[in-house]
1. K239: net charge of surrounding residues, Cβ under 12 Å, Lys/Arg +1, Asp/Glu -1, itself excluded?
2. What is the set of long-range amide H partners of A123 at a cut-off below 5 Å, with H atoms built 1.01 Å from backbone N?
3. Over the Cα atoms of the chain, each weighted equally, I'd like the Debye log10 I(q)/I(0) at q = 0.09, 0.10, 0.11 Å⁻¹, rounded to two decimals.
4. Per residue, how big is the convex hull of segment 96-138 when only Cα atoms are used? Give it in Å³.
5. Once amide H atoms are built 1.01 Å from N in the peptide plane, which residues 5 or more positions from G230, or in another chain, come under 5 Å H to H?
6. For the chain, calculate the relative contact order in percent as a whole number, restricting contacts to Cα pairs under 8 Å that are 6 or more residues apart.
7. Rounded to the nearest whole Å³, what is the per residue volume of the convex hull around the Cα atoms of segment 113-173?
8. Among all helices in the chain defined by DSSP H, which have a length of 20 Å or more along the axis from Cα atoms plus a Kyte-Doolittle mean of at least -1.0?
Amino acid sequence: MRRPFIAGNWKLHKTTAEAVTLVKALEANLADVTDRDIVVAPVFTVLTSVSSALGDSNIAVAAQNCFPEMQGAYTGEVSPLLLKDAGCRYVIVGHSERRQLFGETDGFINRKLKAVADAGLTAVFCVGETLEEREQGRTFEVLEKQLRGGLENLLRDAMARVVVAYEPVWAIGTGKTASAAQAQQAHAFIRDLLSRLYDADLACRIRIVYGGSVKPDNVDGLLSQQDIDGALVGGASLKAEDFIRIVRFLPS
Ligand code: PGA
């Protein structure tokens, strides 16, 4: 059985005070949840305050991005080692907003995945097709290119810790969710590809989570699918009540 993984990607939202208020509310209402991983991903400037506020609670902290070098003359960048120092256990890598707005390539994402592993952190590695690519029937081709490129020469031990997030770009922030069947089909494809790139045992253990307009009213259906092991939640993770309900999804 794969342990469910639910993460809130706060994107560019929340001041320190707002962030601490939110995690305190999550902590108070989710303390009894021990059978799934719960993660929040605030902006860089808030990471230390949020990890101190959470202490050793059952909620872990993720960064939304990193640079693939540990230190050096890279003005304005943040390394996986510094994220670890700030209390992070996870780093989101290759989010579609980074790919689309900041021109991140599969090769650059590959370097980040290796750096995150080298720092002893766990990557949440995002892949997903655009609406145009889906309409052209190229979904699997795009996923395969992103996975092969992102994972090139990533060692099995490093890959075994990665969480893959399938996030169809057309479903992110749009209110349009992939149907449970559409998402399941993509997840099954990803798992099968991982078994070819690595091996069946790794593919069977790795968590593949869905992202794209996950809400309290659709989470149960999505997470009832065989190959959907959790959720990466944007908008609905900004409200304590909604995120709590999502973490408490009821698998059928
Ligand atoms: P959304 O974002 O839930 O607001 O669609 C998901 C994401 O970008 O990770």
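Any read-out appearing in this document is the output of simple, stated calculations on the displayed coordinates, not a laboratory observation. All values reported here derive from a predicted model rather than from experimental measurement. Heads up, the Cβs are rebuilt from the backbone with ideal geometry, glycines too, and the neighbour counts pull from every protein chain shown.
1. Result for the local shell: 0.
2. V91, V163
3. Rounded to two decimals, the profile gives -0.35, -0.43, -0.53.
4. 80
5. F5, Y210
6. Once divided by the residue count of the chain, the mean separation gives 20 percent.
7. Normalising the Cα hull of segment 113-173 by residue number yields 80 Å³.
8. Values: long enough: 16-30 (21 Å, 0.75); 180-197 (25 Å, 0.04).
TM-like helix candidates: 16-30, 180-197.
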